[in-house]
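Chemist: Dropping a structure here in structure tokens format, bear with me for questions.
The values are calculated or read from the model by the stated rules, or taken from the named source; none is laboratory data. Just so we're clear, the structure is a prediction, and the values are computed from it rather than from any experiment. Glycine gets a Cβ as well: all are built from the backbone with ideal geometry, and neighbour counts include every protein chain shown. Keep in mind that these areas ignore ligands, DNA and RNA; they rest on the heavy atoms of the full protein, side chains included. Shrake-Rupley method; radii C 1.70, N 1.55, O 1.52, S 1.80 Å.
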Amino acid sequence: MEVGQTATISRSYTADDLAGFADLSGATPGDHVPEPLIAALFSYLLGVRLPGSGTNYLKQELRFHAPAPTEAELTATVEITRLRPEKHLVDLWARCVAPDGTLICEGRSLVKARDIGA
């Protein structure tokens, strides 16, 4: 791992996805993607891609700037901003954008990872 390294995922959510989320959460289906589904993209990236397996979430702060449109391919990215190998800590910047470049959300993540190197 190194500062500046990124991982990205793109995904769209359908009306059926939103209905399924509403069934599971008890929420009322809306006309845009719920914030927890967007945050789940970051959870996936951190746990599977960067840093990957064995990662433990310590903190996630997201600021939502715009609603995420249904059926649009959203792109979520995490970028390493700081490594603290002595404590096994990784700071990352997270952001999600719509296809037209609209910033849906951004924020930071702090995770504990296994092998972050020096």
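Chemist: Just to be sure before I move on: is residue 58 at pLDDT 90 or above and open to solvent by less than 50 Å² (accessible area, probe 1.4 Å) in the structure I sent?
Modeler: Against the criterion (at pLDDT 90 or above and open to solvent by less than 50 Å² (accessible area, probe 1.4 Å)), residue 58 does not qualify.
Chemist: If we keep just the residues of segment 1-55 that are touching a residue at least 24 places away in the same chain (Cβ under 8 Å), open to solvent by less than 50 Å² (accessible area, probe 1.4 Å) and closer than 14 Å to residue 111 by Cα, which is nearest to the chain's Cα centre (by Cα)?
Modeler: Applying the filter and picking the extreme gives 42.
Chemist: Does segment 6-21 contain at least one residue that is in contact with a Lys or Arg (Cβ under 8 Å, 6 or more places away or on another chain) and part of a strand (DSSP E or B)?
Modeler: Yes.
Chemist: Let me ask something else about it. Output the residue which, of all residues in segment 68-84 that are open to solvent by 90 Å² or more (accessible area, probe 1.4 Å) and part of a loop (DSSP other than H, G, I, E, B), is modelled with the highest pLDDT.
Modeler: Filtering first and then ranking leaves 73.
Chemist: Continuing with the same structure: Out of the residues in segment 104-118 that are open to solvent by 20 Å² or more (accessible area, probe 1.4 Å) and either aliphatic (A, V, I, L, M) or within 14 Å of the chain's Cα centre (by Cα) (or both), state the one that is nearest to residue 14 (Cα to Cα).
Modeler: If we take residues in segment 104-118 being open to solvent by 20 Å² or more (accessible area, probe 1.4 Å) and either aliphatic (A, V, I, L, M) or within 14 Å of the chain's Cα centre (by Cα) (or both), then 106 is nearest to residue 14 (Cα to Cα).
Chemist: Let me ask you something else. Of everything in segment 9-43 that's farther than 19 Å from residue 57 by Cβ and of a type in the set (S, T, N, Q), which residue is modelled with the lowest pLDDT?
Modeler: 28
Chemist: Let me ask another. Answer yes if at least one residue in segment 91-103 is free of Cβ contacts under 8 Å to residues at least 24 places away in the same chain, assigned to a strand (DSSP E or B) and open to solvent by less than 30 Å² (accessible area, probe 1.4 Å), and no otherwise.
Modeler: Yes, segment 91-103 contains at least one residue that is free of Cβ contacts under 8 Å to residues at least 24 places away in the same chain, assigned to a strand (DSSP E or B) and open to solvent by less than 30 Å² (accessible area, probe 1.4 Å).
Chemist: Can I ask one more? Look through segment 60-103, keep the residues that are polar (S, T, N, Q) and closer than 17 Å to residue 48 by Cα, and return whichever of them is nearest to the chain's Cα centre (by Cα).
Modeler: 77
Chemist: Also, I was wondering about something else. Is it the case that some residue within segment 79-88 is within 19 Å of residue 9 (Cβ to Cβ) and in contact with a helix residue (DSSP H, G or I) (Cβ under 8 Å, 6 or more places away or on another chain)?
Modeler: No, that holds for no residue.
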